[in-house]
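Every read-out reported here was derived from the displayed coordinates using simple, explicitly stated rules and does not represent laboratory data. Model, not experiment: these values are computed from the prediction. Cβ atoms come from the backbone with ideal geometry, glycine included; neighbour counts cover every protein chain shown.
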Amino acid sequence: MRGAWRRHAPILGAVAAGGVVGAEARYLISLLGDGRPAFPWPTLVENITGCFLIGVLMAVLLELTDPHRLLRPFLGVGVLGGYTTFSAYAVDVRVLLLDERVVPALLYVVITPVAALVAVWLAMRVTRATLGRLRRGESW
């Protein structure tokens, strides 16, 4: 048991430290909102930009031959996991429905996962293309 703890403690620490950074960034963005907007733009922006950054991170990590073992837990699970907030997305949908704003709720339900998936896909494509150009020494 002690050996497992020693092996996993640095990973847990990296995730926790990254989570603090990501959650603080999400909180700062939430301050830009005006309380209860007609549409939950701050949460939508956080989730889409977070998914875009996850796509960039994964593309970069796939290109690295030997990334540090704590890089993905810190940045991916910690920072970006703390920054994106699909639990707030669910709460936002509930609030919209309780306020009888059915159309915005349905739009939000559809837009968020579709935009998040497109953001990851686009980020990976752009990042891989950019890294390929840099590797080949091509200029812009």
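Some observations on this one:
- For Kirkwood radius over Cα pairs in Å, calculated from these coordinates, the label among (i) 16.4; (ii) 18.6; (iii) 16.8: (iii)
- Taking 0.36 nm per residue of separation and subtracting the Cα-Cα distance, full extension of the segment from Asp99 to Ile111 would add 2.4 nm.
- Once both labels are positioned 7 Å from their Cα atoms along Cα-to-Cβ, the gap between Arg125 and Leu32 label points is 2.5 nm.
- 10 Å Cβ shell holding at most 13 others, DSSP loop, GluC sites (Glu not before Pro): longest site-free stretch of the chain: 1-99
- With a Förster radius of 41 Å applied to the beta-carbon distance between Ala90 and Ala4, the computed FRET efficiency rounds to 0.80.
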